[in-house]
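Participant: Quick one: structure below, then a few questions.
Derivation of every value follows stated rules applied to the coordinates shown; laboratory data play no part. None of the values given here were measured: they were computed from a predicted structure. Don't worry about glycine lacking a Cβ; one is built from the backbone with ideal geometry, like all the others, and counts go over all protein chains shown.
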Amino acid sequence: MLRFFSNSGIFLPFRPLIKEKLNQGITLVVDRYAFSGVAFTGAKENFSLEWCKQPDVGLPKPDLILFLQLSPSEAAKRGDFGNERYEYSSFQEKVLQRFYHLMEDKTLNWKVIDASKSIEDLHNEIKSFAEEVMREAQYKPIGELWN
C-alpha cells in the first residue's frame, strides 16, 4: 500500500475516502497535498506555519513527499512565468524558505529533486523513489499528519 500526497484543507472532507482507498491497498498520488498551501500561505504577512498547518492536522500522513526544485532564474526561462499572482522572485523565495522549514520535520519523508533535469531523467528518479517507498510502505500503518 502506498500513500503519496501533496494542497491544503481541501482534502479534509475526503479524509474518510482517502483512508478507505489506502486500506484497500490503492496507491494514491496527490499533487500539492497539505504542504503547498501551508508554504504559500505561510509566506504571506502575519501567517505562522503552525497556524497554517491546523486545517490539515490528522490527515493521512504521506509516505513520500517529492519536492521538485527549480531555481527562480530557471523558472523565469519557462513560458508564461510571472503571469500568475505569486510568480515574482521575492515571494517565491519566501515560499521556498517555508518549504525548507517544513522539510526540517524528520517524521516526514521529503525527497528534493532537481527539476532542471530532462523529462526522462526526472521520470526515472521519481519512479525510483516511488518504487522504493511502495515496497517499504506496504505493511506500514497509516500515520496522521502533524499529530
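Participant: Please give the charge dipole size of segment 16-147, origin at the Cα centre, charges +1 on K and R Cβ atoms and -1 on D and E Cβ atoms. Round to the nearest 20 debye.
Facilitator: Using Cβ point charges on Lys, Arg, Asp and Glu, segment 16-147 gives about 220 debye.
Participant: Can I ask one more? Write down the percent of antiparallel bridges among all DSSP beta bridges whose residues are both part of the chain, to the nearest 5.
Facilitator: 10 percent
Participant: Also, I was wondering about something else. I'd like the Karplus ³J(HN,Hα) series for segment 29-43: coefficients 6.51, -1.76, 1.60, θ = phi - 60°, whole numbers in Hz, and an x wherever there's a Gly or Pro.
Facilitator: 10, 10, 7, 6, 3, 7, 5, 5, x, 5, 5, 5, 5, x, 7
Participant: I've got another one for you. Show me, for segment 104-110, the HN-Hα J-couplings you get by feeding each phi into the Karplus relation (A = 6.51, B = -1.76, C = 1.60, θ = phi - 60°), rounded to Hz, glycine and proline as x.
Facilitator: 5, 6, 6, 7, 10, 9, 8
Participant: Once amide H atoms are built 1.01 Å from N in the peptide plane, which residues 5 or more positions from Leu64, or in another chain, come under 5 Å H to H?
Facilitator: Phe5
Participant: Please list, by residue number, every one of the GluC sites (Glu not before Pro) in segment 47-147 that is coil in DSSP and has at most 11 other beta-carbon atoms within 10 Å.
Facilitator: Details: sites: Glu50, Glu74, Glu84, Glu87, Glu93, Glu104, Glu120, Glu125, Glu131, Glu132, Glu136, Glu144; in loops: Glu84, Glu87, Glu104.
Those that pass, being in a loop and sparsely packed, are Glu84, Glu104.
Participant: Return the subset of Lys44/Lys127; Lys44/Lys106; Lys21/Lys111 for which the Cα-Cα distance in this structure is over 32 Å, preserving the input order.
Facilitator: Lys44/Lys127
Participant: May I ask which residue of Val112, Val133, Pro16 lies farthest towards the positive end of the charge dipole of the chain, with charges of +1 (Lys, Arg) and -1 (Asp, Glu) on Cβ and the Cα centre as origin?
Facilitator: Pro16
Participant: When the Karplus curve 6.51 cos²θ - 1.76 cosθ + 1.60 is applied with θ = phi - 60°, which whole-Hz ³J(HN,Hα) does each residue of segment 49-60 get, with x for Gly and Pro?
Facilitator: Whole-Hz 3J(HN,Hα) from phi for segment 49-60: 4, 4, 5, 5, 6, 3, x, 9, 4, x, 5, x.
Participant: Name the trypsin sites (Lys or Arg not before Pro) in segment 38-147 that are in a loop by DSSP and that have at most 14 other C-beta atoms within 10 Å, would you?
Facilitator: Lys44, Lys77, Arg78, Arg85, Lys106, Lys117
Participant: Would you order Thr107, Thr41, Thr27 from fewest to most other beta-carbon atoms within 10 Å of each residue's own beta-carbon?
Facilitator: Thr107, Thr27, Thr41
Participant: For Ile113, list long-range residues whose amide hydrogen, built 1.01 Å from N in the peptide plane, is under 5 Å from its own amide hydrogen.
Facilitator: Phe67, Leu68, Gln69
Participant: Further question: Taking Cα Rg over 2.2 N^0.38 Å straight from the coordinates, which label in (i) 0.99; (ii) 1.08; (iii) 1.64 is the correct one?
Facilitator: Answer by label: (ii).
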